[in-house]
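**Student:** What follows is a single structure, and I will ask about it in a moment.
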Amino acid sequence: MLRYCIIVQCILAASTADHNGFGPGRQDWGLAKVRQGAHMFWWLYYVTNPGADHYTDRPIVIWLQGGPGASSSGYGNFEEIGPLDLDLHERSHTWVKYCNILFVDNPVGSGFSYVDDPSLLAKDNDQIAQDLVTLMKQFYRLFPEFHKTPLHIFSESYGGKMAVEFAYQLDRAIKEGSIDCNLRSVALGAPWISPEDSVLAWGEFLLNLGFVDTKGYSVIQKAAEGIQDLIRINKTRAATEIWRSMQQLVTNETVGIDCYNVLTPQEFTSKALVKNDDEILEFSEDGHPSLRVARSMDSTDKLKLLMRGPVAASLGIPSRALWGSQKDKVFEALYEDFMKPATKTVELLLNNTNVNVIVYTGQLDLVVCTPGTVRWVEKLQWPGSVEYLNAPRTGMGYLGVLEGYAKCYDRLSMYWINRSGHMAPVDNHMAMQYILDKHVRA
């Protein structure tokens, strides 16, 4: 029998009396009304191996997926860090062993989150952050025992852009006294923070790795410079259009590279090249902005069937919250905001808060490639900027293996992750364990 927890502005917060949800471990979940007609889904997994007297003694990690429009409850949970993988086998390196994990389908319209009318979808990063702060106010009213528990916001891809604004607004709400919360850090994985720096690095990245020749580099670089010009005169909608057209350029020049991990073997056929706009504009099921649909239909169909079938049934999800049904509209609503940078918000976090900022990047990622990420990080203006630039870059060893590199000063830490593409928790979970050990589990 489902029990229903009633809190302010919450239309559904359901779990079984013994906290059974879907899969192993104690869970709680709900659909919170963050605005009139806007409903946000959250799913809390309690730590399974607390190593302390109580689960509240272990940190809470919020996971925000990218896209925008991807589902944390689906993709982040079953394909990256949750207790079960997509085949429903227990994941040996799940983060739930060490932390309480709160998956949030954000923005509204992603995953099980939904809006009553498309006009209610978030149109900018500010609205996304406001909705998340509203959700957390409700969360702490429902779970007051977590007030003093350290909170860390982890994110991936476009989720990084949302995370920095969320962290800044949450910190402001804490200082204003409207929420009692122990925010410690925001972690940005393959973060879409500076679109200009990311796309300007594509050509150089592909040229240096041998995926294009100088002619291909020039074609890609010309398009990237066009995006840069449009961003700088605030014509971001037009910049998004060119960014989407760049997908065909890269696909043609590289003969269909996997933009998530450039070393992933690809099936070769002369018909593999993108041939029409419908294919160019297609997005993968996980919601990441992609140069081509790199994931197999078997995987994407399996996730959709899982979320809309057994998961929805087990959690008692209402039919109006059909998983993934509004994800395309989420991106459309944010079309103009998509190419706007969020570097100023990162600077606000470093200049005006005590929140630790963690950046990690996979060396094999093209979507948000490492050279572009390094550029915007090194251009940040904050009191420790010179000291950060002069700080040593050290090896990141875990269990005797070099998993990457680290550069840290004060509240800013950056990690280069070896043998990893866009989704570091999947490609190199040992490197992620290193980061968790240093910043979350300590």
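**Student:** Run the quick spin-label model on N49 and K344: label points 7 Å from Cα toward the beta carbon, then report their separation in nm to one decimal.
**Tutor:** It is 4.5 nm.
**Student:** Can you give the extra length, in nm with one decimal, that the chain gains between E332 and S299 once fully stretched, where that is 0.36 nm per residue apart less the Cα-Cα distance?
**Tutor:** On the way: separation 33, 0.36 × 33 = 11.88 nm, distance 2.44 nm.
Net length gain for the segment: 9.4 nm.
**Student:** Which value, in Å² rounded to 10, gives the accessible area of Y45 with a 1.4 Å probe and all protein chains present?
**Tutor:** Probe radius 1.4 Å; accessible area of Y45 about 0 Å².
**Student:** For an R0 of 35 angstrom, estimate the FRET efficiency from the Cβ-Cβ distance between K148 and T394 and round to the nearest 0.05.
**Tutor:** Numbers: r = 33 Å, r/R0 = 0.93.
Given R0 = 35 Å and the Cβ-Cβ separation, E is 0.60.
**Student:** With +1 on the Cβ of every Lys and Arg and -1 on the Cβ of every Asp and Glu, and nothing else charged, how large is the dipole of the chain about its Cα centre, in debye rounded to the nearest 20? Show your work: numbers first, answer last.
**Tutor:** On the way: 41 positive and 51 negative charges, 139 e Å.
So the magnitude is around 660 debye.
**Student:** Work out, step by step, the length gained on full extension between D57 and R375: first 0.36 nm times the residue separation, then minus their alpha carbon distance; give nm to one decimal.
**Tutor:** On the way: separation 318, 0.36 × 318 = 114.48 nm, distance 3.75 nm.
Roughly 110.7 nm would be gained on extension.
**Student:** Could you state how much accessible area H422 has, in square angstrom rounded to the nearest 10, with a 1.4 Å probe and all protein chains kept in place?
**Tutor:** 0
**Student:** Ignoring everything except DSSP H segments at least 4 long, calculate the 222 nm mean residue ellipticity for the chain; use -39,500 (n - 2.57) per segment, divide by total residues, nearest 500. Walk me through the intermediate numbers first.
**Tutor:** Values: 14 runs with 155 residues, N = 442.
For the chain, the value works out to -10500 deg cm²/dmol.
**Student:** Then there is this: Among DSSP bridges having both ends in the chain, what percentage is antiparallel? Round to the nearest 5.
**Tutor:** 55
**Student:** Ok, one more. Using r as the Cβ-Cβ distance of Q36 and R320, and R0 as 22 Å, what FRET efficiency do you calculate, to the nearest 0.05? Spell out each step's value before the answer.
**Tutor:** On the way: r = 15 Å, r/R0 = 0.69.
Result of the calculation: an efficiency of 0.90.
**Student:** Given a cut-off of under 8 Å on Cα pairs at least six residues apart, what relative contact order in percent is computed for the range 352-442? Mind dumping the intermediate values first?
**Tutor:** On the way: 133 pairs, mean separation 30.7, N = 91.
It rounds to 34 percent for the range 352-442.
**Student:** In the range 92-157, which trypsin sites (Lys or Arg not before Pro) fall in coil by DSSP and have 16 or fewer other Cβ atoms within 10 Å? Let's see the in-between values first.
**Tutor:** Working: sites: K97, K123, K137, R141, K148; in loops: K123, K148.
Answer by residue number: K123, K148.
**Student:** Taking each full run of DSSP H in the chain as one helix, which ones are at least 24 Å long along their axis (Cα atoms) and have mean Kyte-Doolittle hydropathy of at least -1.0?
**Tutor:** Working: long enough: 125-142 (26 Å, -0.27); 158-176 (28 Å, -0.37); 214-232 (26 Å, -0.25); 236-254 (26 Å, -0.68).
Taking the DSSP H segments of the chain (at least 24 Å long, mean hydropathy at least -1.0), we get 125-142, 158-176, 214-232, 236-254.
**Student:** What size of dipole, in debye to the nearest 20, comes out for the range 148-268 about its Cα centre when the only charges are +1 on Lys and Arg C-beta atoms and -1 on Asp and Glu C-beta atoms?
**Tutor:** Details: 11 positive and 15 negative charges, 77 e Å.
The calculation lands at about 380 debye.
**Student:** Compare D258, D85 by solvent-accessible area with a 1.4 Å probe and give them largest first, with all protein chains kept in place. Mind showing how you got there, number by number?
**Tutor:** Values: D258 10, D85 40 Å².
From most exposed to least exposed: D85, D258.
**Student:** Sticking with this one: Using modelled amide H (1.01 Å from N, peptide plane; none on Pro or chain starts), what sits under 5 Å from the amide H of R35, excluding residues fewer than 5 places away?
**Tutor:** Close amide H contacts, sequence-distant or interchain: none at all.
**Student:** If you roll a 1.4 Å probe over the range 69-132 with all protein chains in place, what percent of the accessible area is carbon or sulfur? The partial results should precede the final answer.
**Tutor:** On the way: 790 of 1670 Å².
The C+S portion of the solvent-accessible surface of the range 69-132 is 47 percent.
**Student:** With no solvent and one equal point scatterer per Cα, compute the Debye intensity ratio I(q)/I(0) for the range 379-442 at 0.13, 0.22, 0.24 Å⁻¹ and report its log10, rounded to two decimals.
**Tutor:** At q = 0.13, 0.22, 0.24 Å⁻¹ the computed log10 ratios are -0.38, -0.93, -1.03.
**Student:** Just the Cα atoms of the range 130-202, one point each, no solvent: what log10 I(q)/I(0) does Debye give at q = 0.22 Å⁻¹?
**Tutor:** Normalising to I(0) and taking log10 leaves -0.94.
**Student:** Calculate, for R172 and E225, the FRET efficiency according to 1/(1 + (r/R0)^6) with r their C-beta to C-beta distance and R0 30 Å; round to the nearest 0.05. Don't skip to the answer; put the middle values down first.
**Tutor:** Numbers: r = 36 Å, r/R0 = 1.21.
With R0 = 30 Å, the Cβ-Cβ based efficiency is 0.25.
**Student:** Right, next: When only the heavy atoms of the protein chains count and the probe is 1.4 Å, how do Y398, Y46 rank by accessible area, highest first? Numbers along the way, then the final one.
**Tutor:** Details: Y398 45, Y46 10 Å².
So the residues, ranked largest to smallest area, are Y398, Y46.
**Student:** May I pose another question? Taking a 1.4 Å probe, which of F268, F154 shows the most accessible area, and what order do the others take after it?
**Tutor:** In descending accessible area the options line up as F268, F154.
**Student:** If you don't mind, another one. Give, in nm to one decimal, the length gained when the segment between K235 and H89 is fully stretched (0.36 nm per residue of separation minus the Cα-Cα distance). Present the calculation step by step, with values, prior to reporting the outcome.
**Tutor:** Values: separation 146, 0.36 × 146 = 52.56 nm, distance 4.65 nm.
So the extension gain works out to 47.9 nm.
**Student:** Amide H to amide H, which residues 5 or more places from R441 or on other chains are under 5 Å from it, using H placed in the peptide plane?
**Tutor:** Those lying under 5 Å, H to H, from R441: there are none.
**Student:** Please report, in Å, the Rg and the Dmax of the chain, where both are computed over Cα atoms only.
**Tutor:** 20.7, 64
**Student:** A further question follows. In terms of the Cα gyration tensor, with a ≥ b ≥ c the square roots of its eigenvalues, is the range 48-191 rounded because a/c is under 1.5, prolate because a/b exceeds b/c, or oblate?
**Tutor:** Numbers: a/c = 1.77, a/b = 1.10, b/c = 1.61.
Oblate, since a/c reaches 1.5 and b/c is not below a/b.
**Student:** Per residue, how much accessible area does the chain have with a 1.4 Å probe, in Å²?
**Tutor:** 38
**Student:** State the percentage of accessible surface on the range 174-243 attributable to carbon and sulfur atoms; use a 1.4 Å probe and exclude ligands, DNA and RNA. Could you put the intermediate results ahead of the total?
**Tutor:** Working: 1490 of 3070 Å².
Accessible surface attributable to carbon and sulfur in the range 174-243 totals 48 percent.
**Student:** Tell me the label-point distance for the pair N351, D410, using the 7 Å Cα-to-Cβ offset, in nm and rounded to one decimal.
**Tutor:** A separation of 1.2 nm, rounded to one decimal place.
The values are calculated or read from the model by the stated rules, or taken from the named source; none is laboratory data. Since this is a predicted model, take the numbers as computed values, not measurements. As a convention, Cβ positions derive from the backbone with ideal geometry for all residues, glycine included, and neighbour counts pool all protein chains shown. Ligands, DNA and RNA are excluded from the accessible area calculation, which covers all protein heavy atoms including side chains. Shrake-Rupley method; radii C 1.70, N 1.55, O 1.52, S 1.80 Å.
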